[in-house]
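This report refers to the structure that appears directly beneath it.
The values are calculated or read from the model by the stated rules, or taken from the named source; none is laboratory data. Treat the numbers as computed from the prediction; the structure is a model and nothing was measured. Positions of Cβ are generated from backbone atoms using ideal geometry, with glycine treated the same way; all protein chains shown enter the neighbour counts.
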Amino acid sequence: MYSVNFDISGQVAAITGAGGVICGTVAREMAKKGVKVALLDLFLENAQKIADEIVAEGGDAIAVKTDVLDRASLEAARDKVVEKYGKIDILINGAGGNKPQATISKDIDFFHLDLNAFKWVFDLNVTGAVLTTMVFGELLAKQGYGNVINIASMSSYHPLTNTVAYCGAKAAVANFTEWMATHFNQNYSNSIRVNAIAPGFLLTNQNRFLLTKEDGSATDRGQRVLAKTPMGRYGEPVEMVGPIIFLCSEAASFVNGAVLPVDGGFSSYWGV
Ligand SMILES: NC(=O)c1ccc[n+]([C@@H]2O[C@H](COP(=O)([O-])OP(=O)(O)OC[C@H]3O[C@@H](n4cnc5c(N)ncnc54)[C@H](O)[C@@H]3O)[C@@H](O)[C@H]2O)c1
C-alpha cells in the first residue's frame, strides 16, 4: 500500500558548494531533518564552520575539502564520506557561480569578453556538476538507488541579459539533468533519480553587484527583476530547501529529470 512519505531522515547527503549561501543553508536544514550531511567545498574553512554548528546543535555532519574540478579530490571526498557513513543516498551539485569578468558591463562589451573568465564559468557550473556526478554517480549506480540534485537557474529556461557565460552554463546544467536521469535509468537502475531546482532571484554574493548599488538601493536591473516577479520580492536561501527535500523524498518517487522553478513566479510571467 503506497503512502506519501516526505521523510528523508537517516539518509546521507554529499553536498558540494556547501560552504556557500544556498547549500550551506540546505546542509543545515537537512541536518535538522535527520540527514547526515557531508559538506564538500573548495574552501574548507567555510564548510567546517557550518559542519561544526550542525554538530553543536545535535546533527551529524562532516566537512571535506573538495575541488569539483579535480577527479582525485572528488574520489578522496567520496571515499571519506563512505568511510564515515557507509553509503551516499543524495548528491547535491551545489558548487557553481558567476564572476564579473564573464559578465557584460559598462566596462566590458561582448566583443572583448575575457574568454578565460567565460571558460571558468562553464567549468565550474557544467564540468563541475558532470565530473562530480561521474565520481559519486558510479557509487549510486553500484548501489542501485539514490538521488542527484543539480542547481539550475532562471537562465536555464531563457537567457538573461549580460550574463552570457552563466546563461549558457546553466542551460547546460538543465540539459544535463535530463540527460543524466535518462542515462541512469536506462543503464543502471530506475531507482536513481536526477532532478534540479531552478532558483529565482536571491540576493547573494554572486549577483549582489548586479542587483544592488553600493548604498543598498536596487539597480535598474534589480528593479526590473522585482517587477517581473509576481510575488514582488527576492527569495531567501531557506526557501530552496523544501523543494530539494521533496525531490529527494519518496513523495517525489515519479519525479525524474525535472527542473523545478523556485522563483516566486518569475518564470511564469512575461512582464505584461
Ligand atoms: N544566488 C542566487 O541567486 C542563485 C540563483 C540561481 C542559481 N544559483 C546557483 O546556486 C548554487 C549556489 O549558489 P550560492 O549563491 O550559494 O553561491 P556561493 O558562492 O555562496 O556558494 C558557492 C560555493 O561553491 C564553492 N566552490 C567554488 N568553486 C568550487 C570548486 N571548484 N569546488 C568545490 N566548491 C567550489 C565556493 O567556495 C562556495 O562556497 C550555484 O550553482 C549558483 O549558480 C544561485
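Does residue 129 fit the bill of being in contact (Cβ under 8 Å) with a residue 12 or more places away in the chain, closer than 16 Å to residue 98 by Cα and in a helix (DSSP H, G or I)? Talk me through it step by step, then tell me what you get.
On the way: in contact (Cβ under 8 Å) with a residue 12 or more places away in the chain: yes; closer than 16 Å to residue 98 by Cα: yes; in a helix (DSSP H, G or I): yes.
Considered against the rule, which asks whether it is in contact (Cβ under 8 Å) with a residue 12 or more places away in the chain, closer than 16 Å to residue 98 by Cα and in a helix (DSSP H, G or I), residue 129 comes out as yes.
Kindly indicate whether residue 242 is under 15 Å from the mean Cα position of the chain (by Cα), modelled with pLDDT of 95 or more and in a loop (DSSP other than H, G, I, E, B).
Taking the combined requirement at face value, the residue does not satisfy it.
Within the range 227-239, which residues are among the small types (Gly, Ala, Ser) and surrounded by 19 or more Cβ atoms within 10 Å (Cβ to Cβ)?
Once the filter is applied, which keeps residues that are among the small types (Gly, Ala, Ser) and surrounded by 19 or more Cβ atoms within 10 Å (Cβ to Cβ), the range 227-239 yields only 235.
Any idea which residue in the range 65-81 is surrounded by the fewest Cβ atoms within 10 Å (Cβ to Cβ), counting only those that are of a type outside the set (D, E, K, R) and within 17 Å of the chain's Cα centre (by Cα)?
Ranking the candidates gives 69 first.
Counting only residues that are part of a helix (DSSP H, G or I) and not acidic (Asp, Glu), which one in the range 216-228 is nearest to the ligand (Cβ to nearest atom)?
Within the range 216-228, the match that is nearest to the ligand (Cβ to nearest atom) is 225.
Within the range 197-215, identify whether any single residue is among the basic types (Lys, Arg), at pLDDT below 95 and in a helix (DSSP H, G or I), and answer yes or no.
In the first step, residues of the range 197-215 are kept if they are among the basic types (Lys, Arg); the result is 208, 213.
From what is left, the residues that are at pLDDT below 95 are 208, 213.
Right, trim to in a helix (DSSP H, G or I) and you get 208.
There is at least one residue in the range 197-215 that is among the basic types (Lys, Arg), at pLDDT below 95 and in a helix (DSSP H, G or I).
Where in the range 1-85 are there helices (runs of 4 or more DSSP H), lying fully within it, with 1 or more residues that are more than 16 Å from the ligand (Cβ to nearest atom) and over 23 Å from residue 204 (Cβ atoms)?
Result: 44-56, 71-85.
So if I check each of 193, 224, which one is more than 30 Å from residue 144 (Cβ to Cβ) and either surrounded by fewer than 19 Cβ atoms within 10 Å (Cβ to Cβ) or of a type outside the set (Phe, Trp, Tyr) (or both)?
224
Output the number of the condition that residue 124 fails; it satisfies all remaining conditions of (1) within 25 Å of residue 252 (Cβ to Cβ); (2) touching a Gly at 6+ places or on another chain (Cβ under 8 Å); (3) part of a helix (DSSP H, G or I); (4) without any contact (Cβ under 8 Å) to a residue 60 or more places away in the chain.
If we test residue 124 against (1) within 25 Å of residue 252 (Cβ to Cβ); (2) touching a Gly at 6+ places or on another chain (Cβ under 8 Å); (3) part of a helix (DSSP H, G or I); (4) without any contact (Cβ under 8 Å) to a residue 60 or more places away in the chain, just (1) comes out false.
Output the residues belonging to the range 86-133 that are surrounded by fewer than 16 Cβ atoms within 10 Å (Cβ to Cβ), modelled with pLDDT under 95 and within 16 Å of the ligand (Cβ to nearest atom).
100
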